1. What number goes with the only condition from (1) in a loop (DSSP other than H, G, I, E, B); (2) surrounded by 21 or more Cβ atoms within 10 Å (Cβ to Cβ) that Lys350 does not pass?
2. Please verify whether the stretch 653-660 includes one or more residues that are in the same structural domain as Met503 (by TED's automatic domain parsing), out of contact with any Gly (no Cβ under 7 Å at 6 or more places or on another chain) and either of a type in the set (A, V, I, L, M) or touching a residue at least 40 places away in the same chain (Cβ under 8 Å) (or both).
3. Condition check: on the phi > 0 side of the Ramachandran plot and part of a helix (DSSP H, G or I). Does Gly226 satisfy that?
4. Could you look through the stretch 516-574, keep only residues that are of a type in the set (Gly, Ala, Ser) and farther than 23 Å from Asp275 by Cβ, and pick out the one that is modelled with the lowest pLDDT?
5. So, restricting to helices (runs of 4 or more DSSP H) that lie completely within the stretch 565-684, which ones have at least 2 residues that are crowded, with 21+ Cβ neighbours inside 10 Å and of a type outside the set (S, T, N, Q)?
6. Hey, among the residues in the stretch 464-522 that are within 19 Å of Tyr671 (Cα to Cα) and among the basic types (Lys, Arg), which one's surrounded by the fewest Cβ atoms within 10 Å (Cβ to Cβ)?
7. Look at Ala268 and say whether it is farther than 30 Å from Cys39 by Cα and in contact with an Asp or Glu (Cβ under 7 Å, 6 or more places away or on another chain).
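The values are calculated or read from the model by the stated rules, or taken from the named source; none is laboratory data. Since this is a predicted model, take the numbers as computed values, not measurements. Here the Cβ is made from the backbone with ideal geometry for all residues, glycine too, and neighbour counts use every protein chain on show.
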Amino acid sequence: MNISEMKKNRKILKEFKYERKDLYRGYTDKILYINVSDCNIKEKAVPQEMKDKFIGGKGYGLRLLWDATKPNTKWNDPENEIIISSGPVGGITQYSGAGKSLIVSISPQTDSIMDSNVGGFFGPFLKFSGYDALELQGKSEKDLIIYIDGITGKIEIFEDPGLSVDSHILAEELTEMFADDEKDAKNIGVVSTGAAAEHSLIGMINFSFYDMKRKKVRLKQAGRGGIGTVMRDKKIKAIVAKIEGVKGNLNNVANLEAIAERGRKYQAEMRELDDSQCQMRKKGTANIVNVMNDYDLLPTHNFKYGSHKDGIKIHSNIFRDKYFTQNVFDGCWIGCAMSCAKGVDDFELKTGPYKGHKVIVDGPEYENAAGLGSNMGIFDPEAIIEANFYCDTYGICTITWGTICAFVMECYENGILNKERTGGLELNFGAIEDSLELLHQLARGEGFGVIAGMGIRKMKEMFAAKGWGDAKFLNDIGMENKGLEYSQYVSKESLAQQGGYAMTNKGPQHDEAWLIFMDMVNNQIPTFEDKAEALHYFPMFRTWFGLAGLCKLCWNDVVPKGNELTAEPHKIPEHVDNYVTIFEAVTGKPFSKEELIRQSERVYNFQRIFNIRRGYGKRLHDAQPYRACGPVTVEEYESRADRYDKQLKEDVGFDPTGKSTEEKMAALRKYRENRYEQLLDAVYQRRGWTKDGVPTIAKLKDLGMDLPELIEVVEKYQ
């Protein structure tokens, strides 16, 4: 059956007609609720308190999920939800990076509250169809497609008519199904995942966008925390939104010219400065692969090392010159001057079910090049691109998969795993063919691939329980915190970055605080108080992007001329002022950089308390694996022996002369672990939390977040 026949003969289970409401100053004040258990569809009004305190994006997702679940709700219970929301700024086309959406759910990996950001067209299209958020609940018995027609004001739920499972084909099929013609394809946004999400806890969600230049459907990813697994558990195969072409001022903002003026200024910065700074338009985020290698920060062999002699083989110039298509618009939302969503066109696959197919690959971005490359001991650009493609289409988080495979490889090289235990796979560092086969196994639901798809935390427990390895060693090298795998920066030499990873609400993801250069390279935050201030400001500042509907990259990946002369160059004050101006211009409400931080504090503290309600979110959950803090193995210490010996002598007061490597490692470990505990104390105090990491009632009152349901959770810990 071809696509047109599938569309004509689809079995519609529910149809819901609605009156599309135009946005007013960035909001529709309506939420679309769908329960796939019984195909119940309804609209919800947004209470004023929710709008004032939670803003949009992640804030709306957290509020809706709190109200929908109980403290003991499991990720695969019908009452768990997936919430997709942009934010009041999301969807504008006059300023770069305004196409982001946030997805919120209970995570299969962490059992706590997960949020993941994503570009693509669906989030803005959902808004323009009339809804500030999409709230999905329930569990279907059959695979379903949800179609939101924002042109006619109609929503359909229909049974899967036999569409493909993997995202790169499924998104094309659904675009073809609902676009009137090729020109109309730009008006379709698709949400999907892939085969591997069904067999793992690490499933990822793809948002599509139609590339008019290439005339191809492309994908952007909401990778973290296994929300794609939740989607497949609910048997939601895909969600489609369609609107008429984006034009003019669909957000109906208060002051369009103020936004346009800042947008023009930013576009000029990109034209004039990008080539001499990060080359985002030519390399995307892969621009820092070689920079990280030069500064000993590129994860190599499961974060054991920070650089490698073969790092030159995955230098960003290679991706730019040989693989990334140049001189095309690579924005994942309309109007973004950064154009960093690089793509590899007509890449011929060498393995798996699509062997011999020529495909477009999104990226690789830095995280993919590092995680699927150096961290696994792989320095072959085409192997990285191939793994990147299959992770995306199978619906697997590339960051998570890279860190999982690196852990598996270190276990293999230490005898914890062997060919018998892996089903014949030889998973040494650098094993290109067998690591790809591991990924294909996961997509098929077979073999050791399914074990890897459980994630590092469950593998550690399994390997120790079977007597395959020492639990302490497994915990030291297993790069996860809260059940979420680390993203791809070596944090050993940056105490602030250790906190920026392990103190996150959702687990170690760099989108809260990337402080390595401030801390390790530039020594801008030398004291505990300095680090605590940075670990207060930057997580709150970055949280705000996920409330408003904005991308973080446009904030600091290209900086204005003269930024280094400002009082706080690390904050990029001119760009902060842009965001203040834009938010006020969208909403029509007075706004300031101080209120920006307070908006985030309200939501950030709410998420912390949400986790506490579920039994998480306290000091013990902010513990980090020692590999994130210091050297676990003798070879790891000796690779930086001069540096570590000097630190022992000058910082610890321990004379390393004549001491064994094991003695030196023990002394360094005691010192570094104590320093991390001191950091927790300093940050908790700065954030207004107890020594156990619980927000105080006084802090909640100060923020206007002393809601009865929050006080009920925290008062027992005061």
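1. Just one mismatch for Lys350, condition (2).
2. No, there is no match, as no residue in the stretch 653-660 is in the same structural domain as Met503 (by TED's automatic domain parsing), out of contact with any Gly (no Cβ under 7 Å at 6 or more places or on another chain) and either of a type in the set (A, V, I, L, M) or touching a residue at least 40 places away in the same chain (Cβ under 8 Å) (or both).
3. For Gly226, the condition - on the phi > 0 side of the Ramachandran plot and part of a helix (DSSP H, G or I) - is met.
4. Ala567
5. Working: elements: 573-587, 593-613, 634-638, 641-647.
Qualifying helices (runs of 4 or more DSSP H): 573-587, 593-613.
6. The qualifying residue surrounded by the fewest Cβ atoms within 10 Å (Cβ to Cβ) is Lys472.
7. Values: farther than 30 Å from Cys39 by Cα: yes; in contact with an Asp or Glu (Cβ under 7 Å, 6 or more places away or on another chain): no.
So Ala268 fails the test.
Yes or no, residue by residue, for (1) in contact with an Asp or Glu (Cβ under 9 Å, 6 or more places away or on another chain); (2) touching a residue at least 24 places away in the same chain (Cβ under 8 Å):
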{"position": "Asn2", "(1), (2)": "no, no"}
{"position": "Ile31", "(1), (2)": "yes, yes"}
{"position": "Lys53", "(1), (2)": "no, yes"}
{"position": "Ser85", "(1), (2)": "yes, yes"}
